[in-house]
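A short worksheet on the structure shown next.
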Amino acid sequence: MKDKILILHGAGLTAGPDFFKISTLGLTEEFIAYSNDDLSDDKEIVKFIYEEFCFWNKLDPKDVSGNLSQINFETIIQIVEELFVFIEDVERSKHKTKYQRSVKNTVFELNSRLITHINRVRIPKWKDFIYLFIEKIHNHLIDLVIDKLLSYNIDSSNKGMVEYVNFLNQGFGQTSKRIYTLNYDTWLNQFSNYFDGFSPTKLDRDKILFDRDVDCHYNLHGCILWQLFDTKEKLATPNQWKHHQSFAGYTIAREAILPTPIITGYNKLTRINQSPYLEFFHSFTQDCSISEKILIVGYSFSDPHINNIFRLIPAKAKIVIVVYHSVTSLQDYSSDLNIMISEVSEIFNTHFSNLKIRNNLKYTVDCDNQKVSIFLNGIGQDFYDEYLKI
């Protein structure tokens, strides 16, 4: 078996200035501003959903950046999915009492307020078909994510991407590069010939599950090129979801679940038990349990199901985490960086007692036993120069 490095990409990978500048904040702002004549007479219906959530949770709706940990583009899709479940159960199945007598009664009134508003503004063609209308909103938002990523997905000249691929090839030429991403793009396997799980368009389960040496790039949370109703197939170019009506399946809790090629928000843990998510997570779990070199780029450690798998990483492994934070935020104990460091310490059973940059380096801080090192200036030339010293 070849030496290997396990790499996880989060949203922060492509948020840098040399990459696509796609960020959770940017997508959330586009969601809030989204309108389409196909949806409603109210051109700010998604903004209304966002502001209602802020009102319910005592947040300032103008502070979009400050609210990201509580509501972002994924949360908005989650709310829409919750609304679909609410309507499917209440309007179609007349199970209103189910919500009044369950743990979901905390969102019952919020759903009622949203539906009351939507009933006022939905255009006449959606009259008496509100569950289809809620699905239409969901599909428009999925299309928004896909459209935002698609042009970058085929851009092989992007400066950040080219330099990052060169770093991987030069730094780990004979090493098996086991790359997993929480993003929805496919650019790495398209332009560097990484195996993405499909041969060529059909899911190759055996290779995913048993080939631990192949250079791979697996989408743990779905991909913009996955087939509409059969995510075990891959498309050359994505279809538009807004033109489709599905027949929702059901979760293990017997609640309606809308099909989607990407995992966002609601029912995330249910979806990863379905193919091809299941195969990719199985592979990720195996790699975590045997890898001794770990590189984590642009991940905020906010997904419990990912964090739990990270706990399987061997105690002797070396873990390098790349984030975008200022060095000064190390001394701000309420900063997002320090919150993340606390989470990292718990996951990897280590401790950062001295939050100072290591001598002779510019951006790297270490835990006490140097098992975990955190590079603060994001992916780019500074990191490539400093990595060999970390």
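The values are calculated or read from the model by the stated rules, or taken from the named source; none is laboratory data. Just so it is clear, the model here is predicted, and its values are computed rather than measured. Cβ: placed from backbone, ideal geometry, glycine included. Neighbour counts: every protein chain shown. Remember, those area values only see protein heavy atoms, side chains included, never the ligands or the DNA or RNA. Shrake-Rupley method; radii C 1.70, N 1.55, O 1.52, S 1.80 Å.
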Test: GLU88 is modelled with pLDDT under 85 and out of contact with any Ser or Thr (no Cβ under 6 Å at 6 or more places or on another chain): yes
Of all residues making up the range 377-390, the number that are assigned to a loop (DSSP other than H, G, I, E, B) and modelled with pLDDT of 95 or more: 0
Residue match in the range 222-236 (condition: modelled with pLDDT of 85 or more, β-branched (Val, Ile, Thr), surrounded by 17 or more Cβ atoms within 10 Å (Cβ to Cβ) and on the phi < 0 side of the Ramachandran plot): yes
Subset of the range 188-226 (residues that are outside any loop (DSSP other than H, G, I, E, B) and of a type in the set (Phe, Trp, Tyr)): PHE191, PHE195, PHE198, PHE210, TYR218, TRP226
Among residues of the range 335-363, those that are open to solvent by less than 30 Å² (accessible area, probe 1.4 Å) and hydroxyl-bearing (Ser, Thr, Tyr), counted: 3
Subset of the range 54-80 that is among the polar types (S, T, N, Q) and in a helix (DSSP H, G or I) - its residue that is farthest from the chain's Cα centre (by Cα): GLN78
Subset of the range 238-276 that is surrounded by 21 or more Cβ atoms within 10 Å (Cβ to Cβ) and hydroxyl-bearing (Ser, Thr, Tyr) - its residue that is modelled with the highest pLDDT: THR260
Count of the range 128-144 residues which are open to solvent by less than 10 Å² (accessible area, probe 1.4 Å) and over 16 Å from HIS243 (Cβ atoms): 2
Complete set of residues in the range 364-375 that are under 27 Å from the mean Cα position of the chain (by Cα) and either surrounded by fewer than 19 Cβ atoms within 10 Å (Cβ to Cβ) or charged (D, E, K, R) (or both): ASP366, LYS371
Filter pass, VAL64 being touching a Phe, Trp or Tyr at 6+ places or on another chain (Cβ under 9 Å), at pLDDT 90 or above and β-branched (Val, Ile, Thr): yes
Residues of the range 302-322 satisfying the condition of being assigned to a loop (DSSP other than H, G, I, E, B), modelled with pLDDT of 95 or more and surrounded by 14 or more Cβ atoms within 10 Å (Cβ to Cβ): LEU312, ILE313, ALA317
Subset of the range 25-53 (residues that are surrounded by 18 or more Cβ atoms within 10 Å (Cβ to Cβ) and assigned to a helix (DSSP H, G or I)): LEU27, THR28, PHE31, ILE32, ILE45, VAL46, ILE49, TYR50, PHE53
Qualifying residue in the range 182-193 (condition: at pLDDT 90 or above and either open to solvent by 50 Å² or more (accessible area, probe 1.4 Å) or of a type in the set (S, T, N, Q) (or both)): yes
